[in-house]
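Chemist: Let me begin by handing over the structure; questions about it come next.
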């Protein structure tokens, strides 16, 4: 009977309720994620040897083509350096322009008050002052324009850096369940690249009978007949889409000593 129940549960890959408070659950990874492409690009390298293993620190799983992006980023950074130097030069000249403007303004106002100064002298002093004012204003506008260009260039650089980062897929420490692409493939945003599992914890998913739901989180959990300290951590309040008379529950458990998942576990709630 036990073997028949195990076979039945394995066939459906979920859980079959045996009797009130007793279920079979398949031990699953704590979490599974399907990695998807965030940008359009061609796949240039795939670490196929990582499939079925944990990806170590520093290892890259999938690399998308970023050659043109890096070339463009270099040009933008060079342009940023030029803009920064232009701003520095113009900001150095600004105080001198301001000082010259103040002197010419002072000279114009002094001459304007002199009754002995001719109209030509006054007009000349005003013209010099007006020209200096225009130059000073133009220099300030130029600096503001250069700063705006610099902000745009820096934003473009940030965008490219983000794009380049998204083209290197390196889910460190994750178990690589399968890889869905190969070198030479072209991917668009949303294209599945790989499935990874978080094996730091395990998860037992069981579909509770309605009579077990109200006090499920208070019950002691027995696994394969052994009493544990585990508790049902979460119970769905809406019945399952497929098992319409059952309610999904989850038990978070430690990684099995042998390190293997997907085995069937008898779960009893007492």
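Chemist: Which ones in the stretch 219-255 are without any contact (Cβ under 8 Å) to a residue 12 or more places away in the chain and outside any loop (DSSP other than H, G, I, E, B)?
Modeler: Residues satisfying the conditions are 226, 227.
Chemist: What do you reckon, is residue 111 surrounded by 15 or more Cβ atoms within 10 Å (Cβ to Cβ) and within 30 Å of residue 72 (Cα to Cα)?
Modeler: no
Chemist: Turning to a different aspect of this structure: Quick check on residue 144: is it out of contact with any helix residue (DSSP H, G or I) (no Cβ under 7 Å at 6 or more places or on another chain), loosely packed, with under 15 Cβ neighbours inside 10 Å and either modelled with pLDDT of 95 or more or under 30 Å from residue 260 (Cβ atoms) (or both)?
Modeler: Taking the combined requirement at face value, the residue satisfies it.
Chemist: In addition: Out of 132, 157, which single residue is surrounded by 14 or more Cβ atoms within 10 Å (Cβ to Cβ), part of a helix (DSSP H, G or I) and free of Cβ contacts under 8 Å to residues at least 40 places away in the same chain?
Modeler: Exactly one of 132, 157 is surrounded by 14 or more Cβ atoms within 10 Å (Cβ to Cβ), part of a helix (DSSP H, G or I) and free of Cβ contacts under 8 Å to residues at least 40 places away in the same chain, namely 132.
The values are calculated or read from the model by the stated rules, or taken from the named source; none is laboratory data. Model, not experiment: these values are computed from the prediction. For neighbour counting, all protein chains shown are included, and Cβ atoms are generated from backbone atoms with ideal geometry for every residue, glycine included.
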